[in-house]
Ligand SMILES: [Mn+2]
């Protein structure tokens, strides 16, 4: 780990920056990118934000969102590339190999699994979010927290802590959030935009999908299915399935929550969420996937009964060991 001082010196001595984050953008990724973009611009620097994927509808209100480009510009024109919220280079998506060749790459991240894939990095697995790490960096640099920076950082921290509910919410997290409110972030406006901004199709999809709820293994495992037919019926797209996996976990007896999303006739994306120490990363890894202790995913080929059967066998073996 290099001292923050070194990153600050690089920022001060560089002029052109490229900022990117992981595919399947979340609030921490977009909020962190745009906060860094505004902070660099306020210092008179030039910055471009690149993402392979489009920004999910509920983060499009974030200040600066319209500047994000989806075609990777030639990386050799940048003095420095920031890779945010990524534990591995490949998480950037298609541009990963080109970015690897960049002059200078700085990784800012808080994933436990980050083994340090760049020489220059700011990694703290105890931090709630990449947004919290950027807050520390900006604070150290004495960068003025404008309303744009504060709004983006607050959104990043809010979403990665599940609304300040997860174990990753520390005293420092809430102090940072409090300072951001003081700098002009509007908590009600931000949370309404993120959490109360559903397209009708998503609620229609939820209504259909909740009908598939199934409880197994003494009601400890709860699962939902999103079939292609359900998507069609609701007029929804895969974008609208985000967050559906959290519903079974909200049941009292459930410790592991599963969402089967049909991506092709005989192919399912399996998303897993768990409570406390129930390790779903181990389950996903058995099928070639990965993730974190409480959130992981994999893909399983087969028809639904077969996919369910194989996954439940694996979950039973993991649950049995705990
Ligand atoms: Mn994050």
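We did not get these values from a lab; they are worked out from the coordinates using the rules stated. What you are looking at is a predicted structure, and each value in this text was computed from that prediction instead of being measured. Every residue, glycine as well, gets a Cβ built from its backbone with ideal geometry; the counts of neighbours run over all protein chains shown.
Worth a mention:
- For 225, 23, order by how many other beta-carbon atoms lie within 10 Å, fewest first: 23, 225
- Taking the fewest neighbouring Cβ atoms within 10 Å as the starting point, the ordered list for 195, 37, 50, 154 is 195, 50, 37, 154.
- With contacts taken as Cα pairs under 8 Å and at least 6 residues apart, the chain reaches a relative contact order of 12 percent.
- For segment 236-322, the square roots of the Cα gyration tensor eigenvalues, ordered a ≥ b ≥ c, give a/c of at least 1.5 with a/b no greater than b/c, which places it in the oblate category.
- Distance between the C-alpha centres of segment 120-146 and segment 233-290: 31 Å, rounded to the whole angstrom.
- With neighbours defined as other Cβ atoms within 10 Å of a residue's Cβ, the residues 108, 300 order from fewest to most as 300, 108.
- In plain terms, the chain from residue 42 to residue 66 could stretch by 6.9 nm, reckoned as 0.36 nm per residue minus the Cα-Cα distance.
- Counting only DSSP beta bridges whose two residues both lie in the chain, roughly 45 percent are antiparallel.
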